[in-house]
């Protein structure tokens, strides 16, 4: 850091003249590397005894390089709609929306396969939707070209009724239960992101079946997928970022946290 004079001003009120001089410290102008989580929206669950929606795919880096003065687009995906009724939406829940940072895309979770329809497969997505007749949806999540690691797993399946949706952690959904989401801690709060929704007779994965901003897959019996989120963290020794889209700014433990629950942009 360098010491500098921030402002000097002189004012005159009648016969009283004063000079206001303030001295402070610059923050660093070198661009930081950032910690970033980009979470897509979860897939919608299928009706009745169908499959759970897959958790939204995920991109993460603990130290991603960014460029000063360049606007970075942030897109936050919505949760997928559930299958309503035996023949609604062609027998499957809808995929969640993609979330994007720069050129990296976290893929929306796959919709769960229908429980009372001729269309029984779980849909492919960031994490695949649970399906029937051994047709769980595959994961389409990849890492980004600029250094963010992608996380996603396939949905589970069973011979009859629907399996659990896939999650972002190490294991896919199984014949009943949703796969777990990955765990992260930001501003002293620890949550699971991108868990799979439950299939028939099963339980949700950790971070699954959560209404908003955690990217969880919707449980079977027609639950919506959870919407996505993007969280960006870096040290307060650097200058604060300029943003659009009204993200939440949280300063905790010597770090800025920019939390996008809707789309916008950020410039470092």
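Throughout, read-outs are computed from the coordinates displayed, never taken from laboratory work. Just so we're clear, the structure is a prediction, and the values are computed from it rather than from any experiment. So basically every Cβ, Gly included, is an ideal-geometry build from the backbone, and we count neighbours across all protein chains shown.
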Take residue 84 and residue 159, extend 7 Å from each Cα along the Cα→Cβ direction, and tell me the distance between the two endpoints in nm. 3.5
Computed from the beta carbon distance with a Förster radius of 45 Å, FRET efficiency for residue 188 and residue 133 to the nearest 0.05 stands at 0.50
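Express in nm, to one decimal, how much length is gained between residue 262 and residue 65 on full extension, taking 0.36 nm for each residue of separation and deducting their alpha carbon distance.
Working: separation 197, 0.36 × 197 = 70.92 nm, distance 2.29 nm.
Residue separation times 0.36 nm, minus the Cα-Cα distance, leaves 68.6 nm.
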Computed from the beta carbon distance with a Förster radius of 25 Å, FRET efficiency for residue 255 and residue 103 to the nearest 0.05 stands at 0.50
Label-to-label distance, nm, for residues given as residue 149 and residue 248 (7 Å Cα→Cβ offset): 2.6
Could you check the simple spin-label distance between residue 142 and residue 170, using points 7 Å along Cα→Cβ, in nm with one decimal? 2.6
